[in-house]
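Here the structure comes first, spelled out in structure tokens, and everything after it is commentary.
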Amino acid sequence: MATMKQLRRVVTGIDGQGRSKVLLDGPAPNVKPAPNGLRGLTDLWAWYETPPSISGEQDDGNLRYDFPGPCLGGHLRATHMMMEGRPADYDPAKDPEFIPDHAPKDAPSRRLWERGSKEFYSSAMHKTETVDYGIVIEGERELILDDCQLLMKPGDIVIQVGAWHKWSCPRIGSIMVFDMISAGFPDGPVGLAQNNAPVVSAKDLKLPDGVKPARRIVTIDKEPGKSCLVSDGPAPDVRFDPARLGFASARLWVAERTPAPIVPETLHLPHTIEPPKGGSVCRVVTFPPDAAWAGKVGAKEVSAYFSAMGSPGASTFTAKAPHPYMQKTRTLDFCIVLEGEIVLVLDTQEVPLKKGDIVIQRGTNHAWSNRSGKPAVLSIASHDAV
């Protein structure tokens with residue numbers, strides 16, 4: 001029988017002198033294997049109100065919540081599917097978990113609907129009153145919509161905007177992390193797109209050497225009971241840093257408030273590091289090795305970078321800082337290492353990280369330092385906080 005993989009979780013906070021430090025570092029404790037031993041959940045963080053609090057030293061990964069999460073907040077959860085593909089001779093009559101298609105039904109939470117189509121190798125077709133940032137960190141997982149099926153691989157990110165969908169593992173097991181944010185369905189359980197905003201195109205996108213495009217999948221319901229693919233391709237909104245060749249920050253989505261609106265595109269909103277008040281922003285950032293630019297960056301270059309990112313006030317640069325790109329924002333950040341190795345630099349210590357590690361950054365002064373010889377890639381979802 002497969003064993004659920006333990007996920008490393010690092011949580012930051014503030015010491016008595018206002019300096020950033022590590023509060024927790026180790027295997028995420030809230031692991032919930034399914035009875036069949038081939039699925040499971042790891043609950044990483046939760047918040048019940050928006051904006052969430054980033055003060056104190058409590059572990060909000062211990063907060064109790066029921067799927068799909070708090071109606072005025074959200075949660076961060078990893079889902080493990082450890083089965084190895086649906087066999088060619090699969091017989092639903094012999095599957096004790098099989099549920100045929102049926103009309104949509106409300107769950108007790110009234111923010112979750114399902115319509116069957118479940119089997120041992122897949123979830124049920126379901127819909128939640130949430131906007132989800134879903135990130136594959138290991139293996140492969142198939143996203144099934146009403147109009148298509150998409151195979152997702154490590155580093156791929158889906159922005160699930162209240163759409164009907166199901167998950168399966170067609171060939172190998174997988175781990176995905178979901179940042180699920182409360183959304184608002186003004187039309188009740190139908191949950192249709194609230195506008196027809198055009199999708200931002202990546203047609204003219206040119207990336208520096210060493211930077212891979214971040215795959216962005218967006219889904220939504222445009223007709224009652226029918227999910228559709230809005231876009232699938234490179235994240236089009238990318239910012240660079242001339243002082244760090246090979247650096248790229250790709251913005252994938254912005255939730256302009258909580259509950260989040262059900263819309264097909266949000267990249268027309270102003271580009272900043274911080275999310276809108278009460279909202280969130282999801283991005284993928286590529287960090288080149290520090291050795292390529294070390295000793296060539298000072299106050300001028302750092303100021304130009306943060307200004308280009310729309311957040312000049314985020315920089316905490318000083319000549320004595322442990323890293324030139326130290327920054328601080330009033331945000332709750334969920335950071336996942338997707339590729340390579342990187343060091344989280346805090347005021348009081350440094351934390352080496354590798355692929356699959358997860359950082360809960362609670363408004364702390366920090367920087368990311370790549371001391372390897374290869375690019376490091378992180379997904380970072382930032383939520384406005386207090």
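The values are calculated or read from the model by the stated rules, or taken from the named source; none is laboratory data. What you are looking at is a predicted structure, and each value in this text was computed from that prediction instead of being measured. Counting neighbours? That spans all protein chains shown, and the Cβs are built from the backbone with ideal geometry, glycine included.
For the stretch 100-154, filtering for residues that are free of Cβ contacts under 8 Å to residues at least 24 places away in the same chain, crowded, with 16+ Cβ neighbours inside 10 Å and of a type in the set (Gly, Ala, Ser) leaves 1. If you go through the stretch 298-325 and keep only what is part of a loop (DSSP other than H, G, I, E, B) and within 18 Å of Arg239 (Cα to Cα), you end up with Met309, Gly310, Ser311, Tyr325.
If a residue has to be part of a strand (DSSP E or B) and not polar (S, T, N, Q) to count, how many in the stretch 329-386 make the cut?
We begin by selecting, within the stretch 329-386, every residue part of a strand (DSSP E or B); these are 331-339, 341-345, 350-354, 358-362, 366-369, 376-384.
Then drop every residue that is not not polar (S, T, N, Q), which leaves 332-339, 341-345, 350-354, 358-360, 362, 366-368, 376-378, 380-381, 383-384.
Within the stretch 329-386, residues that are part of a strand (DSSP E or B) and not polar (S, T, N, Q) number 32.
Against the conditions (1) surrounded by fewer than 19 Cβ atoms within 10 Å (Cβ to Cβ); (2) over 17 Å from His271 (Cβ atoms); (3) hydroxyl-bearing (Ser, Thr, Tyr), Ser307 satisfies every one except (2).
Limited to the stretch 26-58, what total is found for residues that are within 29 Å of Pro322 (Cα to Cα) and surrounded by 15 or more Cβ atoms within 10 Å (Cβ to Cβ)?
Within the stretch 26-58, the first condition is being within 29 Å of Pro322 (Cα to Cα), and the residues that meet it are 26-28, 44-45, 52-58.
Now drop any that are not surrounded by 15 or more Cβ atoms within 10 Å (Cβ to Cβ), which leaves 28, 44-45, 52-54.
The total comes to 6.
Scanning the stretch 145-165 for residues that are in contact with a Cys (Cβ under 9 Å, 6 or more places away or on another chain), part of a strand (DSSP E or B) and closer than 19 Å to Gly40 by Cβ turns up nothing. State whether the residues of the stretch 309-321 include one that is within 24 Å of Asp59 (Cβ to Cβ) and in contact with a helix residue (DSSP H, G or I) (Cβ under 8 Å, 6 or more places away or on another chain). The answer is no, given that none of the residues of the stretch 309-321 is within 24 Å of Asp59 (Cβ to Cβ) and in contact with a helix residue (DSSP H, G or I) (Cβ under 8 Å, 6 or more places away or on another chain).
So which of Thr286, Thr364, Thr348 ends up being surrounded by fewer than 17 Cβ atoms within 10 Å (Cβ to Cβ) and at pLDDT 95 or above? Give the steps one after another, and end with the answer.
Working: Thr286 fails: surrounded by fewer than 17 Cβ atoms within 10 Å (Cβ to Cβ); Thr364 fails: surrounded by fewer than 17 Cβ atoms within 10 Å (Cβ to Cβ).
Exactly one of Thr286, Thr364, Thr348 is surrounded by fewer than 17 Cβ atoms within 10 Å (Cβ to Cβ) and at pLDDT 95 or above, namely Thr348.
Would you mind stating whether Asp384 is in contact with an Asp or Glu (Cβ under 9 Å, 6 or more places away or on another chain), surrounded by fewer than 22 Cβ atoms within 10 Å (Cβ to Cβ) and acidic (Asp, Glu)? Against the criterion (in contact with an Asp or Glu (Cβ under 9 Å, 6 or more places away or on another chain), surrounded by fewer than 22 Cβ atoms within 10 Å (Cβ to Cβ) and acidic (Asp, Glu)), Asp384 does not qualify. Of all residues in the stretch 367-381, count the ones that are crowded, with 17+ Cβ neighbours inside 10 Å, within 24 Å of Ala291 (Cβ to Cβ) and either without any contact (Cβ under 8 Å) to a residue 60 or more places away in the chain or of a type outside the set (S, T, N, Q) (or both). Going through the stretch 367-381 one residue at a time, the tally reaches 7.
Would you be able to say whether some residue in the stretch 197-213 is on the phi > 0 side of the Ramachandran plot and outside any strand (DSSP E or B)? Talk me through it step by step, then tell me what you get.
Pass one, the stretch 197-213, residues on the phi > 0 side of the Ramachandran plot: 210.
Still in the list and also outside any strand (DSSP E or B): 210.
Looking for residues that are on the phi > 0 side of the Ramachandran plot and outside any strand (DSSP E or B), one finds at least one in the stretch 197-213, hence yes.
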